[in-house]
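Report on the structure given below.
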Amino acid sequence: MNREDFAILKEQVHERELVYLDNAATSQKPQPVIDAIVEAYTHWNSNIHRGVHHLSQVATQHHEDARKAVANFIGAKSSDEIVFTKGTTDSLNALAFSYGEAYIYEGDEIIVSGLEHHSNIVPWQMLCARKKAVLRHIPLRADLTLDMEAFAGMLSDKTKLVSVAHVSNVLGTIQPIEEIIQLAHARNIPVCIDGAQSVPHMQVNVQTLDCDFLVFSGHKLYGPTGIGVLYGKREWLEKLPPHEGGGEMIEHVRWEGTTYNELPYKFEAGTPNFVGSWALKTATDYINSIGWEAIEAHERELTEYCEQQLLDLGCTVYAAGQSKAGVISFNVGEVHPFDVGTLLDQQGVAVRTGHHCAEPLIDTIGVPGTVRVSFGLYNDKADVDAFIAALKRAQMMLS
Ligand code: PLP
């Protein structure tokens, strides 16, 4: 699917054609996204919002058009609900600080799940340490699904926020976020969804989900690094204090004190990444031009095709048989995942190995790490076949 748009896929690695299966870490960029960055620096680079001159106005228009495109892409009610950040981690830190300042007190509880990326754990741990609050996590059942009965029992008047991953970056499994949101909302508890691994693989609509916050990264979504999104419902963003001070986020600054800018600028201190936002818009245009139906069907087919072959080879696939969004984790017997990854790399196949920034989950599984393959829209069955052939050779060398 549209492989020709991704020039990097023609690169040779160790004298073999690259087979790129590390999309959960970062995706490759289609030519229109690369062109958008070149076009920005070639034709309209200028600092935004502050200039009366032509270039500044063009750059401002691009940045605000990008905000509208991103709002449409995730079904937000208004572009004021889109805060541009550096990425998922930055969005979660911003939310933890801002929400924490306003709403977290000693003894309050925040709930995450047992399969979170460190980005959705550590900012909350830091907040809990500052405020003497408590971070709890939804336990996992033996099949690595969330124990929803336990979750329902954890909710109480002390719970002030739930923040969960939509798709596990290790297992690829899709979490029951609709149910989580319903249960939390029944007690007026807001919910943040970490969409880092879902927004690149499926249509996510914040109004249908009714989540209060959604965070994701541009670079996993065929866009550039250094740009991401913190979506928040207007009623929340209006109430929350800014997490950073500086230019752009202010209305007036006096020695006596400062008043803050309107949404969303209150949360965008300093010069924003206006080239990144434009390139991210280009990435969303690119995805829209293909359509979610085609992307989802293609990636589902590839994931199932790959998982079956891994099982046939006798590999341990984690959360085998569960529906996944483009990510599979496995191990080859007792072999260290790093050794498998190295042997695959020598054959031009890029996968990721280790704890995938989700140590608590890896500890629960009880392994030193996993080998993770993850797909993008440009991967095809030939990539899976090349990967499986390389894995067979690795198995032979290891045995
Ligand atoms: N959350 C999840 C589920 C992720 O997979 C990742 C990255 O892999 C992150 C958060 C952090 O994203 P970033 O490094 O782009 O901030």
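The values are calculated or read from the model by the stated rules, or taken from the named source; none is laboratory data. The model shown is predicted, which means the values in this text are computed figures rather than measured ones. Backbone-built Cβ (ideal geometry, glycine too); neighbour counts: all protein chains shown. Ligands, DNA and RNA are stripped out before the accessible areas are found, and what is left, the full protein with its side chains, is counted by its heavy atoms. Shrake-Rupley method; radii C 1.70, N 1.55, O 1.52, S 1.80 Å.
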Span-like helix ranges in the chain, DSSP H, alpha carbon extent 24 angstrom or more, Kyte mean at least 0.0: 274-290, 381-398
Per-residue [θ]222 nm for the chain (sum of -39500 (n - 2.57) over DSSP H runs n ≥ 4, rounded to 500): -12000 deg cm²/dmol
The range 202-298 - accessible surface per residue (Å², probe 1.4 Å): 42
Kirkwood hydrodynamic radius (C-alpha pairs) into Stokes-Einstein, the chain, 25 °C and 0.890 mPa s, D in µm²/s: 111
For peptides 71-79, 318-326, sequence by mean Cβ density within 10 Å, most packed first: 318-326, 71-79
Projected area, mean over directions - the range 88-226, Cα convex hull, nm²: 8.1
Heavy-atom accessible surface of the chain: percent carbon and sulfur, 1.4 Å: 51
Where the range 85-144 is the region considered: accessible area per residue in Å², 1.4 Å probe: 42
All aspartates and glutamates inside 16 Å of K392 as judged from Cα atoms, apart from same-chain residues fewer than 8 positions distant: E307, D312, E334, D339, D345, D383
Coordinate range along principal axes, alpha carbons of the range 184-259, Å, largest first: 48, 38, 14
Kirkwood Rh (inverse of mean 1/r, distinct Cα pairs), the range 58-119, angstrom: 14.1
Kirkwood Rh and Cα Rg combined as Rg/Rh, the range 270-399: 1.04
Members of K29/K68; K77/K266; K158/K281; K281/K324; K220/K324 lying beyond 28 Å, as alpha-carbon distances in this model show: K158/K281
Magnitude of the charge dipole, the chain, Cβ model with Lys/Arg +1 and Asp/Glu -1, debye to 20: 520
